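Peer 1: Below you'll find the structure I mean.
The values are calculated or read from the model by the stated rules, or taken from the named source; none is laboratory data. In this text the structure is predicted, and so the values were computed from the model without any measurement. Cβ: placed from backbone, ideal geometry, glycine included. Neighbour counts: every protein chain shown. Ligands, DNA and RNA are stripped out before the accessible areas are found, and what is left, the full protein with its side chains, is counted by its heavy atoms. Shrake-Rupley method; radii C 1.70, N 1.55, O 1.52, S 1.80 Å.
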Amino acid sequence: MKPTDMVLTRQGLRFCGRLWPCSIGKGAVRRDKREGDGATPAGEHRIVGMLYRPDRIARPTDWAVPIGPSDLWSDDVAHEDYNQMVRAPYPHSHEKLRRADPLYDIVILTDWNWPYAEKGRGSAIFLHQRRRAGYPTEGCVAFRRDHLRQIARLIRYETRLIVPEELAVD
């Protein structure tokens, strides 16, 4: 592991000399992540991008990309755009990136099952804002709003999200 890595532990996420409280998937950590299991996948995941809501917050880093009103994320396993950012109108199953709630005001993208998605392995794993303390995600890693903003500014090109296999329930 490198000093720039984010490492998930049972107590939270260790990154830049701090332990950040976080929530993970309702399906716990799994080695064999599958579509719809709500699990956070074990492994080493590169940080490949960052999105943000320019109508709500200032740009968190110089490489963050604004989320527009028509930006979506395809979660249709039967479509070629599965696990990719797409634009409305999009007739296939998708998730809106520009949400009414603040969960996706900052979205840090990992390379889980991306850019060449394997059907059945599950859609994207994001780092984003949590709903509330202790509330699980659908597989993503979620943080307090102020912590996510700090984490976003600390990420470097070489930063990875490490989810140790020892945390896996399978």
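Peer 1: Ranked highest first by the average count of other Cβ atoms within 10 Å around their residues, in what order do 139-145, 66-72 fall?
Peer 2: Going from most to least packed, we get 139-145, 66-72.
Peer 1: Report the GluC sites (Glu not before Pro) located in the stretch 75-170 that are in a DSSP loop and have at most 15 other Cβ atoms inside 10 Å of their Cβ, or state none.
Peer 2: Here the GluC sites (Glu not before Pro) that fit, given the DSSP loop and packing criteria, are Glu80, Glu118, Glu158.
Peer 1: Tell me which lysines have Cα within less than 29 Å of Lys96's Cα, excluding those fewer than 8 residues away on the same chain?
Peer 2: Once the sequence-local lysines are set aside, what remains near Lys96 is Lys26, Lys33, Lys119.
Peer 1: Here's something else I'd like to know. For Val107, tell me the accessible area in Å² from a 1.4 Å probe, rounded to the nearest 10.
Peer 2: Near enough 0 Å² of accessible area.
Peer 1: Among bridges DSSP assigns within the chain, what percent are antiparallel (round to 5)?
Peer 2: In the chain, approximately 70 percent of DSSP beta bridges are antiparallel ones.
Peer 1: Give the long-range amide H neighbours of Ser123: residues separated by 5 or more places, or on another chain, with amide H under 5 Å away, using H modelled in the peptide plane at 1.01 Å from N.
Peer 2: Hits under the 5 Å cutoff: Gly36.
Peer 1: Using the Cα gyration tensor of the stretch 38-83, with a ≥ b ≥ c the square roots of its eigenvalues, what is the shape: rounded (a/c below 1.5), prolate (a/b larger than b/c) or oblate (neither)?
Peer 2: Cα axes put the stretch 38-83 in the oblate bin.
Peer 1: With every protein chain kept in the model, how would you rank Tyr90, Tyr116 by accessible area, 1.4 Å probe, largest at the top?
Peer 2: Tyr116, Tyr90
Peer 1: Using DSSP to define loop residues, name the chymotrypsin sites (Phe, Trp or Tyr not before Pro) in the stretch 31-108 whose beta-carbon has at most 13 other beta-carbon atoms within 10 Å.
Peer 2: Trp63
Peer 1: Let me ask you something else. Can you list the HN-Hα couplings for the stretch 10-16, worked out from phi with the Karplus curve (6.51, -1.76, 1.60; θ = phi - 60°), rounded to whole Hz and with x for Gly and Pro?
Peer 2: My calculation for the stretch 10-16 gives 5, 9, x, 9, 8, 7, 6 Hz in order.
Peer 1: A further question on this structure: Which trypsin sites (Lys or Arg not before Pro) in the stretch 5-46 sit in a loop by DSSP (not H, G, I, E or B) and have at most 16 other Cβ atoms within 10 Å of their own Cβ?
Peer 2: Loop-located and lightly packed - Arg10, Lys26, Arg31, Arg34.
Peer 1: Going by the alpha-carbon gyration tensor, a ≥ b ≥ c the square roots of its eigenvalues, is the chain rounded (a/c under 1.5) or, if a/c is not under 1.5, prolate (a/b greater than b/c) versus oblate?
Peer 2: Here the chain falls in the oblate category.
Peer 1: Carbon and sulfur together cover what percent of the accessible area of the chain at a 1.4 Å probe radius?
Peer 2: On the chain, the fraction of accessible area on carbon and sulfur atoms equals 50 percent.
Peer 1: Additional query: Quick one: what are the phi-derived ³J(HN,Hα) couplings along the stretch 117-131, Karplus 6.51/-1.76/1.60 with θ = phi - 60°, whole Hz, x for glycine and proline?
Peer 2: Here the 3J(HN,Hα) series is 5, 9, 4, x, 7, x, 6, 4, 10, 9, 9, 8, 6, 7, 6 Hz.
Peer 1: Next question. What number comes out for the charge environment of Ile57, summing +1 per Lys or Arg and -1 per Asp or Glu over other residues with Cβ under 15 Å away?
Peer 2: +4
Peer 1: Using the Karplus curve 6.51 cos²θ - 1.76 cosθ + 1.60 with θ = phi - 60°, work out ³J(HN,Hα) for each residue of the stretch 63-80 in order, rounded to whole Hz, and write x for Gly and Pro.
Peer 2: 3J(HN,Hα) across the stretch 63-80, in whole Hz: 9, 6, 10, x, 8, x, x, 9, 7, 9, 10, 6, 10, 8, 4, 8, 9, 5.
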